[in-house]
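First comes the structure, then the notes that go with it.
The values are calculated or read from the model by the stated rules, or taken from the named source; none is laboratory data. Just so you know, these numbers come straight off a predicted model, no measurement behind them. Please note: Cβ atoms are built from the backbone with ideal geometry, for glycine as well, and neighbour counts cover all protein chains shown.
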Amino acid sequence: MKRFAVRFLSATLTAAVSVTALCSQMGCPPPNQAAIPLRAEIDSLKKKLAALDRQRAADVATIAALQSQRGTLATLPEDRLEKLYTVHGIRISGHSAEHDGTLKIYVVPFDEQNEKLKAGGTFTVQAYDLQSAGHPMVGEWHLDNAATRDAWYGGLLGYTYVLNCPLQELVTHAELTVRVSFTDELTQREFSEQKVIRITPRVSSATGPTTHLK
């Protein structure tokens, strides 16, 4: 049903945009009062389509959690989860950067309304040097529930998790691709996001790339 709704809204939005584009090409007169409802309908359809996309991502994560037979979904049915504010995705902020050899990853979960959500869970961060032969992973960091709780920041700069990940490997290029995975403690859904982060190339004598942050 949700998949049909997404297709229907996509087709309706495409048709509305096509009508607007055709009118522009044919030299239609400037927008009048009759065109205002059409633009409002297009904006409304875009918002509904984005909401359905977020819901679909959450459904996919739920299926993956069930298939892995992991977590508490057996004791918390889907109809009860729908009444709660739950994680539907994560977002890595553009503020993420490298400072003195440490990656500072700003990441925040969001709910079905695209609002930031402070949710308990665990993080896994992986950093790759895609400009090197073989695209090696140069670091991996794990945060358990306690470390995740300590990583929450709320203040004038916003509300977000700040994941401090010290680099421990030889990095010879100025960019790293960072992949962040978050497993929500309530639903056991897993969400991932990745972003390219600029760094200062450096050399370290560390013995291994995996770090557990507790």
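Some points to look at:
- Residues of segment 105-159 classified as touching a strand residue (DSSP E or B) at 6+ places or on another chain (Cβ under 7 Å), farther than 24 Å from Glu82 by Cβ and charged (D, E, K, R), total: 3
- Within segment 106-119, the set of residues being farther than 16 Å from Ser181 by Cα and in a strand (DSSP E or B) comprises just one member, Lys116.
- Some residue of segment 137-152 being in a loop (DSSP other than H, G, I, E, B), farther than 22 Å from His88 by Cα and either among the hydrophobic types (A, V, I, L, M, F, W, C) or free of Cβ contacts under 8 Å to residues at least 40 places away in the same chain (or both): no
- Against the numbered list (1) in contact (Cβ under 8 Å) with a residue 24 or more places away in the chain; (2) more than 16 Å from Lys195 (Cα to Cα), Gly134 comes up short only at (1).
- Single residue of segment 124-173 satisfying the filter (modelled with pLDDT under 95, of a type in the set (Gly, Ala, Ser) and surrounded by fewer than 13 Cβ atoms within 10 Å (Cβ to Cβ)) that is farthest from Gln188 (Cα to Cα): Ala133
- Pairs meeting the criteria (first residue in segment 70-93 and surrounded by fewer than 14 Cβ atoms within 10 Å (Cβ to Cβ), second residue modelled with pLDDT under 85 and in a loop (DSSP other than H, G, I, E, B), beta carbons under 9 Å, at least 6 apart or on different chains) are Leu84/Leu76.
- Flag if Leu103 is more than 30 Å from Leu49 (Cβ to Cβ), part of a strand (DSSP E or B) and modelled with pLDDT of 90 or more: yes
- The one condition in (1) part of a helix (DSSP H, G or I); (2) at pLDDT 55 or above; (3) in contact with a helix residue (DSSP H, G or I) (Cβ under 9 Å, 6 or more places away or on another chain) that Val87 fails to fulfil: (1)
- Test for Thr122: is it more than 18 Å from Ala58 (Cα to Cα) and outside any loop (DSSP other than H, G, I, E, B): no
- Residue satisfying all of: in segment 180-203; of a type in the set (D, E, K, R) and either crowded, with 17+ Cβ neighbours inside 10 Å or farther than 19 Å from Ala147 by Cα (or both); farthest from the chain's Cα centre (by Cα) among these: Arg202
- When residues of segment 101-120 are limited to those that are in contact with an Asp or Glu (Cβ under 6 Å, 6 or more places away or on another chain) and in contact (Cβ under 8 Å) with a residue 60 or more places away in the chain, the one surrounded by the fewest Cβ atoms within 10 Å (Cβ to Cβ): Gly120
- Residue check: Ile92 meets all listed conditions (1) closer than 26 Å to Lys47 by Cβ; (2) at pLDDT below 95 but one, namely (2).
- Flag for Ala147 being hydrophobic (A, V, I, L, M, F, W, C) and under 11 Å from Gly120 (Cα atoms): yes
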